[in-house]
1. Using only the alpha-carbon atoms, how far is helix 44-54 inclined from the longest principal axis of the chain? Give it as 0 to 90 degrees, nearest 10.
2. Distance in nm between label sites at residue 23 and residue 64, each 7 Å beyond Cα in the beta-carbon direction?
3. For the chain, what does -39500 (n - 2.57) per DSSP helix run (n ≥ 4), summed and divided by total residues, give at 222 nm, in deg cm²/dmol to the nearest 500?
4. Pairing the Cα long axis of helix 184-194 with the longest principal axis of the chain, what angle in degrees results, from 0 to 90 and rounded to the nearest 10?
5. Only Cα pairs under 8 Å and at least 6 apart count here; give the relative contact order of segment 207-332 as a rounded whole percent.
6. Using alpha carbons only, how many degrees (0 to 90, rounded to 10) separate the axis of helix 108-121 from the longest principal axis of the chain?
7. Please state the relative contact order of segment 135-280 as a whole percent: Cα pairs under 8 Å, 6+ residues apart?
8. If you wrap segment 203-310's Cα atoms in a convex hull and average its projection over all directions, what's the area in nm²?
């Protein structure tokens, strides 16, 4: 019976047994068509404890053991930004499709190499920036294109959390700073709705004691005269809102990285209100379901997060870090 189950289910293997891996396990637990089948950690004890806690069939004390398991259909990279390239490449070199947690890599050069390797091997790879795969994110696009707010002209997006002393934020060797952890969401929000034709970028950044960016504001001007004003930071809490303003109204998105409510105002009056799906677990499930669809259809990338977009946004963040003087060991 167990063998039959594995022939019909889509099996996920997770590299890393930290907090983000826990969120993924929770997201997939209620689903019938996907199974978290294996977890790999740097020690067998940690992997075994994680597997026992979450009723995961297989635990591996090394990442290589996990990617060698023939039953794993997709490897989810849930380690720090600094290790995404190494661990994703390990999975690709063992013939595995890969879902890489955001930020995809440390820089655009690593991103380009990973994607080129996956394509050469005929393997699927995509960035696990969950916002891109969520139903409400797609609803915002529909609303914009409906014309209810007129011509969109200005976008604002902000995402801040108190993360001032978190190790992954303050250490260069972990690709620290607010940009790769939080700013990437604001940049993606602007990219999803205002596109790529940016003609001017102006930014301001506060660096912390370790030289990592702790708070930043980024202003983007577009060829069609649109403007996006973005803010991200690890030094405060804020409303996490995104606003798309048009000539006849505006769209308000509550929580730009995990949209929960979308409101549409026309002439300052609320005319539409959309909420997250009632059956949504925590939002992480949508990216895995999209991976499953793409892999079964033989696609090498997801149209929801094209490879070109991932590389372009990594390049955008490279340029911002260079301007601010934020360097990682992997940039050399």
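1. 70
2. Result: 3.1 nm between the two label points.
3. Numbers: 11 runs with 117 residues, N = 332.
Computed ellipticity for the chain at 222 nm equals -10500 deg cm²/dmol.
4. Once rounded, the angle reads 60 degrees.
5. Numbers: 117 pairs, mean separation 16.2, N = 126.
Once divided by the residue count of segment 207-332, the mean separation gives 13 percent.
6. Orientation of helix 108-121: about 50 degrees from the principal axis.
7. Relative CO of segment 135-280 lands at 31 percent.
8. 10.6
Every number here is computed from the coordinates shown, using simple stated rules; none is lab data. None of the values given here were measured: they were computed from a predicted structure. Heads up, the Cβs are rebuilt from the backbone with ideal geometry, glycines too, and the neighbour counts pull from every protein chain shown.
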